[in-house]
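Here is the structure we will look at, set down as structure tokens.
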């Protein structure tokens, strides 16, 4: 099945503690049906000090389920993704505006 959301897409969070937040997808894990989004679903991870690096508490973006994300159209609103053929190539488009992504 074709991926509706890909790395680099601007998305908005639909559900959860970060509802309404926007960010860019940095990684997608299709097998787990999850994605990592910049600035969303942040958790504090404790890092032990080593000879080369300083230890402490570091914020880390954790994976969020793809069903809780929606693509943003050019107007900054959440939209669904559709597929169509243009010039013999399959392209993604925003359902709200009809623009190719």
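Below is a table of values for the structure above.
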read-out	value
Matching strands (runs of 3 or more DSSP E) fully within segment 1-79 where at least 1 residues are surrounded by 11 or more Cβ atoms within 10 Å (Cβ to Cβ), without any contact (Cβ under 8 Å) to a residue 40 or more places away in the chain and under 16 Å from the mean Cα position of the chain (by Cα)	22-29, 34-37, 42-47, 56-61
Selection count, segment 80-94, where residues are exposed (fewer than 13 other Cβ atoms within 10 Å of the Cβ) and closer than 11 Å to residue 4 by Cβ	2
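Where a number appears in this text, it was derived from the coordinates with a stated rule and is not lab data. What you are looking at is a predicted structure, and each value in this text was computed from that prediction instead of being measured. With ideal geometry, Cβ positions are generated from the backbone for all residues, glycine too; neighbour counts draw on all protein chains shown.
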